[in-house]
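Each value in this text was obtained by applying a stated rule to the coordinates, not by laboratory testing. Remember, it's a predicted structure, so these values are computed and weren't measured experimentally. Don't worry about glycine lacking a Cβ; one is built from the backbone with ideal geometry, like all the others, and counts go over all protein chains shown.
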Amino acid sequence: MIDYQTLTFDYARCSDQAPDAAACVRPVVVVGAGPVGLATAIDLARQGVQVVLVDDDCTLSTGSRAICFSKRSLDIFDRLGCGERMVGKGVSWSVGKVFRKDELVYTFDLLPESGHRRPAFVNLQQYYVEGFLLERAQALPNLEIRWKNQVTGIAQRGTPGSNEAHVALEIETPDGPYTLLARYVVAADGSRSPLRKLLGLDSHGRTFKDRFLIADVKMEADFPTERWFWFDPPFHPNQSVLLHRQPDNVWRIDFQLGWDADPVLEKTPERVIPRVRALLGPDVKFELEWVSIYTFSCLRMDSFRQGNVLFAGDSAHLVSPFGARGANSGFQDGENLAWKLAMVLGSHAPDALLDTYASEREYAADENIRNSTRSTDFITPKSAVSRVFRDAVLTLAREHAFARQLVNSGRLSVPAVLRESTLNTPDEDAFSGQMEPGASCADAPVLDASGRESWLLPHLGDQFAGLVFSRAGPAFDTATLATMQALARAPVPLKFVVVLDREAAVPADLPAATAVLRDVQGLAAQRYGARDGAFYLIRPDQHVSARWRRADAARVERALKRALCVQGTA
């Protein structure tokens with residue numbers, strides 16, 4: 001088994017360092033080979049963009065760090081080509097328990113219904129996530145990784161929004177400096193973001209005066225694979241504790257310490273081991289694998305776009321760890337940005353499309369910060385009144401369902417519904433279901449054209465898609481076929497996915513490469529609130545862009561132009 005925590009990667013001279021190297025403007029440079037930078041670079045490369053990924057280090061992360069990866073992130077990993085490895089190594093879970101003192105308050109299930117390919121969450125140490133992403137990145141011929149390449153200067157050149165606009169990065173290496181030119185730069189260089197500092201920018205928000213201890217403990221225990229959260233447990237009174245299982249018999253324990261705790265002293269084994277033993281009991285054998293102290297903030301930049309530099313992940317926004325919103329929202333940043341950069345660089349969309357990356361992901365960041373702040377305020381009440389309220393809610397939650405809606409031990413990450421996006425076409429027809437414009441697509445079990453069991457999302461892929469629901473009866477008439485055939489000739493490639501019920505005949509004369517699926521359990525139509533003839537326009541990041549009870553080519557083309565910021569879509 002590879003020990004990703006000890007891997008190092010060799011520095012190598014690149015073509016830009018050659019004495020006679022001609023000035024070459026790369027399409028995209030991604031700064032930062034953490035999970036968000038790697039995922040974004042992979043996404044771009046898979047969509048045909050030449051990418052250079054630079055990092056000032058030559059290692060992966062150590063310790064568990066981000067461990068809870070949501071179903072939405074797993075869907076993204078599937079599209080990037082490494083989802084199976086993540087799920088295969090990770091610990092899947094959906095059930096959580098909330099305790100007060102030594103009593104169970106209630107149990108919840110984040111994915112109570114069947115018919116989903118991926119679990120609600122997978123627990124997986126960050127170094128595994130980075131390792132699997134790195135190996136996927138190394139397999140892509142149009143993605144170059146440069147280790148020990150530190151950005152020390154940045155300048156933007158040319159008229160903003162023009163094809164000549166680009167960014168000049170000054171890079172320091174073991175062999176000395178060189179200049180790297182890029183049409184666009186993705187800053188995924190972490191919470192301390194050197195690029196943000198070089199541009200004289202800052203993030204704004206709220207810093208919480210509290211400290212938490214992370215202890216990664218290796219042991220064999222018979223605890224179930226669930227998320228356990230304690231308010232005021234007897235083994236750690238007046239504070240909170242969180243327990244998660246990870247792969248390799250490693251358990252993650254977070255202890256709230258309070259603001260006055262000494263961060264140096266609290267990391268010593270003499271302080272950590274008694275806390276862990278108080279939780280586990282005197283007879284459980286364990287070893288400390290990694291210990292860290294953290295404080296946290298809820299912050300974001302005013303704008304995620306600064307000319308031709310686009311910020312993603314922790315460099316753009318920070319949230320508290322309660323709810324697993326940090327890395328998961330960063331992956332959503334990357335997939336939102338990648339398809340838009342690919343469309344702009346491929347001359348399918350104007351530079352203005354990248355402004356919607358900023359507006360959509362700032363909206364999502366505000367939602368994550370709002371939820372994360374509420375979680376933190378509930379977990380760590382800062383006034384006597386807040387504590388009385390919290391304790392009253394926990395008391396009521398044992399018997400009353402309404403009070404459980406108020407308990408907040410970290411509302412777990414779900415993707416933002418981008419319902420305010422200017423790229424959406426508002427509904428013209430009445431629909432039921434949650435797949436409104438701006439929502440991320442739900443998965444469902446299907447049979448493919450050969451009758452094999454499959455899933456809906458992989459067939460949508462990472463390009464614009466027309467998703468059509470039909471029984472191939474009267475609703476799938478010549479007008480629907482004509483609409484699809486006309487759209488197959490659109491300037492922007494549009495993939496078609498037709499979802500039939502179990503017994504329907506396959507329609508004739510479908511456009512070439514149309515994926516024909518069977519809704520074996522009826523869950524696809526149910527989750528999309530779709531009737532015969534319903535047509536969904538799906539973005540490359542698998543968000544719904546528009547939907548109709550019955551589409552015609554003109555309406556879909558207008559919606560497609562709107563989704564690409566092409567003029568004349570009013």
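Once you have a ≥ b ≥ c as the square roots of the Cα gyration tensor eigenvalues for the chain, tell me rounded if a/c is under 1.5, and otherwise prolate or oblate according to whether a/b is larger than b/c.
oblate
Based on the Cβ-Cβ distance from THR295 to ALA392, what FRET efficiency comes out when R0 is 30 Å, to the nearest 0.05?
0.60
Using the charge dipole of segment 419-570 (Lys, Arg: +1 at Cβ; Asp, Glu: -1 at Cβ; taken about the Cα centre), state which of ASN424, ALA442, GLY466 has its Cα farthest towards the positive end.
Selected residue: ASN424.
If we sort 109-117, 141-149 on the protection proxy, mean other Cβ atoms within 10 Å, highest first, what's the order?
The peptides rank, most packed first, as 141-149, 109-117.
Can you compute 3J(HN,Hα) from phi for each residue in segment 536-553, using the Karplus curve 6.51 cos²θ - 1.76 cosθ + 1.60 with θ = phi - 60°, rounded to whole Hz and x for Gly and Pro?
10, 9, 10, 6, x, 8, 6, 9, 6, 9, 6, 8, 9, 5, 8, 9, 10, 4
Count the DSSP beta bridges whose two residues both fall in the chain, then state the antiparallel fraction as a percent rounded to the nearest 5.
Counting only bridges with both partners in the chain, antiparallel ones make up about 70 percent.
To the nearest 20 Debye, how big is the dipole of segment 445-563 about its Cα centre, given +1 on the beta carbon of each Lys and Arg and -1 on that of each Asp and Glu?
440 debye
Under 17 Å Cα-Cα from LYS97, which aspartates and glutamates qualify once same-chain neighbours fewer than 8 residues away are excluded?
Result set, ordered by chain and number: ASP109, ASP222, GLU226, ASP232, ASP254, ASP391, GLU399.
Specify whether the C-alpha gyration tensor of segment 10-65 places it in the rounded, prolate or oblate class, a ≥ b ≥ c being the square roots of the eigenvalues: rounded for a/c under 1.5, otherwise prolate if a/b is larger than b/c and oblate if not.
It is oblate, given that a/c is not under 1.5 and a/b is not larger than b/c.
What is the extension gain from GLN521 to ASP202, computed as 0.36 nm multiplied by their sequence separation minus the C-alpha to C-alpha distance, in nm to one decimal?
Fully extending the segment from GLN521 to ASP202 adds 109.8 nm.
Sequence neighbours fewer than 8 away in the same chain don't count; with that in mind, list the lysines whose C-alpha is under 20 Å from LYS495.
Reachable lysines: LYS340, LYS561.
Taking the DSSP beta bridges in segment 445-563 as the whole, what percent of them are antiparallel, to the nearest 5?
DSSP beta bridges in segment 445-563 are roughly 55 percent antiparallel.
Could you sort the peptides 70-80, 345-355, 433-443 by per-residue average Cβ neighbour count (10 Å cutoff), highest mean leading?
The packing order, highest mean first, is 70-80, 433-443, 345-355.
Shape call for segment 406-457 from the C-alpha gyration tensor, a ≥ b ≥ c root eigenvalues: rounded (a/c under 1.5), prolate (a/b greater than b/c) or oblate?
Taking the square roots of the gyration eigenvalues as a ≥ b ≥ c, segment 406-457 is oblate.
From the backbone phi of segment 479-491, what are the Karplus-calculated ³J(HN,Hα) couplings (6.51 cos²θ - 1.76 cosθ + 1.60, θ = phi - 60°) in whole Hz, Gly and Pro given as x?
5, 5, 4, 5, 4, 5, 5, 5, 6, 5, 9, 5, x
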